[in-house]
Amino acid sequence: KAGVTQTPRYLIKTRGQQVTLSCSPISGHRSVSWYQQTPGQGLQFLFEYFSETQRNKGNFPGRFSGRQFSNSRSEMNVSTLELGDSALYLCASSWTGTGVIRGEQYFGPGTRLTVT
Amino acid sequence: QKEVEQDPGPLSVPEGAIVSLNCTYSNSAFQYFMWYRQYSRKGPELLMYTYSSGNKEDGRFTAQVDKSSKYISLFIRDSQPSDSATYLCAMSSSGGYQKVTFGTGTKLQVIP
């Protein structure tokens, strides 16, 4: 069974631009969560989508948004990029999301975003 | 102050050593405690999870939770070079969908 895939793997953008990252979950998984990983803050939860609806949201500004399609694929968008947005963005999928508290989520390899 | 604190390391040990990795937390509502391993250029993968207090063993790995002290540990026995990775603790409260709060991770290097 194929794992979680994320595209692109690496991205360089300039301050003020916007970016869209894509995540394809494991087949059959309906919940997709997004995280930002930085050395100082670690993994921070951005948001979770289930059946095309945002079900949970972390403490990030409105510049960070996402969506989920009917095939469970998800995208996240960051508008007006800032230098501090440079990070590894990880996507994780799970069946329904309720098993996440027991670690039942599977991470993709991430998209490394560098903002210059 | 962060809800979950974890020493970032790096921690360097000789092959065969016993490794102790630790996290402290402040949120008494946390009931589920997880340890993830993350290799370079990969996403985190679950090693094990524990519910509430107590110990759990899986091969060379043992997880301990002390809720009274708000302190969790992961022990790795007979450490191997293949154990070199970043180890992340993670926690969550119970009830429906609950977001997971991660530590910043401890980088471990096992020297052959």
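Consider A:G108 carefully, then state whether it is within 12 Å of chain B (Cβ to nearest Cβ) and in contact (Cβ under 8 Å) with a residue 60 or more places away in the chain. The answer is yes for A:G108. Among the strands (runs of 3 or more DSSP E) confined to the range B:1-62, the ones with at least 2 residues that are more than 14 Å from chain A (Cβ to nearest Cβ) and under 14 Å from the mean Cα position of the chain (by Cα) are located at B:19-25, B:54-58. A:L113 falls short of the stated requirement of being within 8 Å of another protein chain (Cβ to nearest Cβ), assigned to a strand (DSSP E or B) and in contact (Cβ under 8 Å) with a residue 24 or more places away in the chain. Put simply, of A:R73, A:R55 the only residue that is facing chain B (nearest Cβ under 9 Å) and closer than 27 Å to B:M91 by Cα is A:R55.
The residue that is surrounded by the most Cβ atoms within 10 Å (Cβ to Cβ), counting only those in the range A:82-105 that are within 11 Å of another protein chain (Cβ to nearest Cβ) and part of a loop (DSSP other than H, G, I, E, B), is A:Q105. Here A:A87 meets each of (1) within 27 Å of B:Y51 (Cα to Cα); (2) modelled with pLDDT of 95 or more with one exception, condition (1).
Answer yes or no: is there a residue in the range A:27-45 that is at positive phi, surrounded by 13 or more Cβ atoms within 10 Å (Cβ to Cβ) and in a loop (DSSP other than H, G, I, E, B). No, the range A:27-45 has no match at all. Please determine, by comparing only the residues of the range B:41-63 that are surrounded by 13 or more Cβ atoms within 10 Å (Cβ to Cβ) and polar (S, T, N, Q), which one is modelled with the lowest pLDDT. Taking the candidates together, the pick is B:S53. For the range A:46-74, a tally of residues being open to solvent by 50 Å² or more (accessible area, probe 1.4 Å), part of a loop (DSSP other than H, G, I, E, B) and within 15 Å of A:R30 (Cβ to Cβ) returns 6. On the stretch given as the range A:36-55, residues that are over 12 Å from the mean Cα position of the chain (by Cα) and either more than 20 Å from A:T98 (Cα to Cα) or without any contact (Cβ under 8 Å) to a residue 40 or more places away in the chain (or both) total 9. Residue pairs whose Cβ atoms lie under 6 Å apart, separated by 6 or more positions or on different chains, with the first residue in the range A:10-34 and closer than 21 Å to A:S86 by Cα and within 14 Å of chain B (Cβ to nearest Cβ) and the second among the polar types (S, T, N, Q) and open to solvent by less than 50 Å² (accessible area, probe 1.4 Å), are A:L21/A:T111; A:C23/A:Q6; A:C23/A:S74. Within the range B:64-105, the residues that satisfy the criterion of being in contact with an Asp or Glu (Cβ under 9 Å, 6 or more places away or on another chain), open to solvent by 10 Å² or more (accessible area, probe 1.4 Å), in a loop (DSSP other than H, G, I, E, B) and not hydroxyl-bearing (S, T, Y) are B:D78, B:Q80, B:K99.
The values are calculated or read from the model by the stated rules, or taken from the named source; none is laboratory data. These numbers were taken from a predicted model, which means no experiment stands behind them. A quick note on method: Cβ atoms are made from the backbone with ideal geometry, for glycine too, and the neighbour counts reach across all protein chains shown. Heavy atoms of the whole protein, side chains included, go into the accessibility calculation; ligands, DNA and RNA do not. Shrake-Rupley method; radii C 1.70, N 1.55, O 1.52, S 1.80 Å.
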